[in-house]
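The values are calculated or read from the model by the stated rules, or taken from the named source; none is laboratory data. These numbers were taken from a predicted model, which means no experiment stands behind them. Cβ: placed from backbone, ideal geometry, glycine included. Neighbour counts: every protein chain shown. Just the protein is used for accessible areas: all its heavy atoms, side chains included, with ligands, DNA and RNA removed. Shrake-Rupley method; radii C 1.70, N 1.55, O 1.52, S 1.80 Å.
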Amino acid sequence: MSDRVLDHLLDDHDGIVNRLIEYARIPSVSTDPAYADGMAAARKLLVGRLEAAGFNKVEEIAAGGHPAIYAEWLGLPDAPVYLVYGHYDVQPPDPLDKWHSPPFDPQIRDDRLYGRGVSDDKGPASIALEVLFAYLAVEGRLPVNIKILLEGEEEVGSATLPAILDQHADRLRAEAVISADGARWRADLPSVNTGSRGNMAFELALTTASKDLHSGRFGGAVPNAAHVLAGILSALHSLDGRVAVDGFYDGIDEPDETIRSNIAGLPFDEAAFFAAIRSVPYGEDGFSTLERLWLRPTLEVNGMWSGYTGEGGKTVTPAEAFAKITTRLVPGQEPAHVAQVLQRHFETACPAGTTIHFTSRDDGNAAYLVPPDLPLLQAVEDAIEDALGARPVRVRVGSTLPLSDMIKRALGIDTVTLSFSTADEDFHSPNEFFRLSAIEEGLTAWVALLRKLGRRQA
C-alpha cells in the first residue's frame, strides 16, 4: 500500500537533493570565528524553512555560544511529544589540497554527493526535516507532536548545550529524542545504534627551560622538552595495549559474555576493514576489533609539537613541548574522575626540573546506552525493517554523540538515533560524501517511524 506522504517525497527527490546542496554550500564551521557569517547564514536558512513549513515558535536559543534553533508543532493535545535533534555546524574543511572538489561547492559523482557536512549532519538532518515538512504539506498535521532542536556546537563538543538544556528544560521536555545525528554502521547491513562511547579532551604543555637553547652550547647537558614529552606519551600504554594510568579503568565492568557473543556473531570482515585504511590491528589484548571499538576505552594522542618545524633546519634544544589528547569512555567511567587520574599521572611522570600544565578542554561526556526495552527503540527498529526489508542488528559506535548523555542527565529522557549517514563517508576528513541512495531509504524510514508513533496513540 502506498503512502501519500512518502509518494510526495519521492516525487520531489530532485528538489530534496537541490535543497541539500543549497544548505551544504553554507560554510557553517563552528570552531573557527572566521566562519561566523556562515553559521549565521545556516541559521537564517533553517529558520526560514521551518517557518514556511508551518512550525511554531521558531527561534534561536543560546547560552553564550553559537545559538541552537528551536521549533515546535504541538497540534495534538493528547499525543506524546518527541524531540527531533540534528546539528547545523560542520567540521573545518582543512586540508583543502586533499579535496577532489571544493568542500563548499557540493558536487555529485558516482551517485554520491561530495562536500563538507553532507554526511555529518546536513544530509541526515535534512531527511528528517523534509519528512516533517511533507506531513504538514500533504496532511496538514503531524502524526505526533514534535519539537525540533538544531544545535550549532556539536562539532566543538556541544560546549553550551548543557546550559541550553538547563535554561530551556521545560520547553525541550519530551517523551524521548529521535536523533538525526550519528551514523549507521554499514550501508549493506540494516542496523540500529544502541550505545556510544563518551569522550573528553585535554591539552599538555611541558617546559624544561626559560627559552629554546642552542643545541651546541646546551644539547646533552639540559633536558630536551620534545624528548621528555615523547617519553611520557609513549609510556601511556603498556605492551598489552592497556592504558597504563592508575585509576583509568575505575568503575568499568568487564564486558558481558552475551554482548561479546552477539558482537562475535555480527558479519564483519576484519581483513577488508583494515585493508580499506591500509592499516593493521592494534589494541588491548584479549579483545576483538569490534570490542575494542565499542566496549573498551581509549587514550589517544591527537597531536604533538615542539621546537622548530619550519622549512630547513634550526639547531635548537626545545624548551617547550605540547600535545592534545582525547579519551573515549565506556559505561562506568566518569569524565571528572578520568580527568583527575590523568592529571595526577602526568604530574607524577614529569621529571624533576620540568613543569607540566594539564588542562581539560571541556567537562566531557559519559558513555550512553539505549535501554534495550525502550518503546522508541522498538519503533525505530520496525521503521528500519519497513524501509530496508530486514530486521536491523543492534550495534554500538565507537564515537561520541554528546547529546545523548547530556539530555539524559538534564531532562531524564533517552535518545535513539535514526541517521542514514554511514560510517565510511569520510566525515571529518577531506572528500566527505553522502550516498544519494540513503535519501530514499531515510525518507522511507522516517515516514514509517512517524506513522508507527502516531498509531500507538490512536
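Over all distinct Cα pairs, what is the inverse of the mean 1/r for region 64-180, reported as the Kirkwood hydrodynamic radius in Å?
Numbers: mean 1/r = 0.0625 Å⁻¹.
One decimal place: 16.0 Å for the Kirkwood radius.
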**Request:** In whole Hz, with x marking every Gly and Pro, tabulate ³J(HN,Hα) for region 240-251 from phi via Karplus 6.51 cos²θ - 1.76 cosθ + 1.60, θ = phi - 60°.
**Result:** 8, x, 6, 6, 8, 10, 4, x, 4, 8, 4, x
**Message:** Using the Cα atoms of region 368-445, I'd like the radius of gyration and the largest Cα-Cα distance, Dmax, both in angstrom.
**Reply:** 14.1, 39
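When ranked by the protection proxy of mean other Cβ atoms within 10 Å per residue, highest first, what sequence do the peptides 330-336, 81-87 form?
On the way: 330-336: 17.1, 81-87: 24.6.
The most tightly packed comes first, giving 81-87, 330-336.
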**Request:** Over the Cα atoms of region 1-153, compute the convex hull volume and normalise it per residue, giving Å³.
**Result:** 114 Å³
**Request:** Under 27 Å between C-alpha atoms is the cut-off here; go through the chain and count lysine pairs that meet it, provided they're at least eight residues apart or on different chains.
**Result:** 18
**Request:** Report, in deg cm²/dmol and to the nearest 500, the calculated mean residue ellipticity at 222 nm for the chain, where each DSSP H run with n ≥ 4 adds -39500 (n - 2.57) and the sum is divided by the residue count.
**Result:** -10500 deg cm²/dmol
**Asked** How much solvent-accessible surface does LYS314 expose, in Å² to the nearest 10, with a 1.4 Å probe and all protein chains in place?
**Response** 120 Å²
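Taking Rh as the Kirkwood radius, which is the inverse of the mean 1/r over Cα pairs, what is the Rg/Rh value for the chain? Present the calculation step by step, with values, prior to reporting the outcome.
On the way: Rg = 23.7 Å, Rh = 23.7 Å.
So for the chain, dividing Rg by the Kirkwood Rh gives 1.00.
If you average the sequence gap of Cα pairs under 8 Å that are 6 or more apart and divide by the length of region 1-77, what percent do you get for the contact order?
Values: 57 pairs, mean separation 12.5, N = 77.
That works out to 16 percent.
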**Asked** Any idea what the relative contact order of the chain is, in percent, if you count C-alpha pairs under 8 Å spaced at least 6 apart?
**Response** 25 percent
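Taking square-rooted eigenvalues a ≥ b ≥ c of the alpha carbon gyration tensor, is region 148-192 rounded, prolate or oblate, where a/c under 1.5 means rounded and, failing that, a/b exceeding b/c means prolate? Could the numbers behind the result be given before it?
Details: a/c = 3.91, a/b = 1.78, b/c = 2.20.
Oblate shape, in that a/c is at least 1.5 and b/c is the bigger or equal ratio.
Any idea what the relative contact order of region 287-349 is, in percent, if you count C-alpha pairs under 8 Å spaced at least 6 apart? List each step's numbers first, then the result.
Numbers: 49 pairs, mean separation 21.1, N = 63.
So the answer I get is 33 percent.
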**Prompt:** Can you give the net charge of the other residues whose Cβ lies under 12 Å from the Cβ of PRO255, counting K and R as +1 and D and E as -1?
**Reply:** -2
**Asked** Got a number for carbon plus sulfur as a percent of the chain's accessible area, 1.4 Å probe?
**Response** 49 percent
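For region 227-303, state which trypsin sites (Lys or Arg not before Pro) are in a DSSP loop and have at most 13 other beta carbons lying within 10 Å of their beta carbon.
Numbers: sites: ARG242, ARG260, ARG278, ARG292; in loops: ARG242, ARG278.
Loop-located and lightly packed - ARG278.
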**Prompt:** Using the Karplus equation 6.51 cos²θ - 1.76 cosθ + 1.60 (θ = phi - 60°), what ³J(HN,Hα) coupling, rounded to whole Hz, does each residue of region 121-127 give in order, writing x for Gly and Pro?
**Reply:** 9, 5, x, x, 5, 5, 4
**Rounded, prolate or oblate (a/c below 1.5 giving rounded, otherwise prolate when a/b exceeds b/c) for region 317-458 by Cα gyration tensor** = prolate
**Prompt:** What ranking, highest mean first, results for peptides 389-400, 175-186 when packing means the other Cβ atoms within 10 Å averaged over each residue?
**Reply:** 175-186, 389-400
**Message:** For the chain, take the longest principal axis of its alpha carbons; what is the angle in degrees between that and the long axis of helix 335-349, to the nearest 10 within 0 to 90?
**Reply:** 10 degrees
**Request:** Mind checking which of ALA209, PRO267, SER234 is farthest towards the positive end of region 197-304's charge dipole, using Cβ charges of +1 (Lys, Arg) and -1 (Asp, Glu) about the Cα centre?
**Result:** ALA209
**Asked** Among PHE322, PHE133, what's the order by accessible area (1.4 angstrom probe), most exposed first?
**Response** PHE322, PHE133
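Which of rounded, prolate, oblate describes region 403-458, given a ≥ b ≥ c as roots of the alpha-carbon gyration tensor eigenvalues and a/c under 1.5 marking rounded, otherwise prolate only if a/b is larger than b/c? Each step should come with its number before you reach the end.
Numbers: a/c = 5.29, a/b = 1.27, b/c = 4.16.
Because a/c hits 1.5 or more and a/b fails to exceed b/c, region 403-458 counts as oblate.
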**Request:** Compute the distance in nm between two label points, each set 7 Å from the Cα along the Cα-to-Cβ direction, one at ALA235 and one at ASP424.
**Result:** 4.2 nm
**Request:** For the chain, report the accessible area per residue in Å² (1.4 Å probe, heavy atoms, rounded to an integer).
**Result:** 45 Å²
**Message:** Rounding to the nearest 10 and keeping the result within 0 to 90°, find how far the Cα-based axis of helix 437-457 lies from the longest principal axis of the chain.
**Reply:** 60 degrees
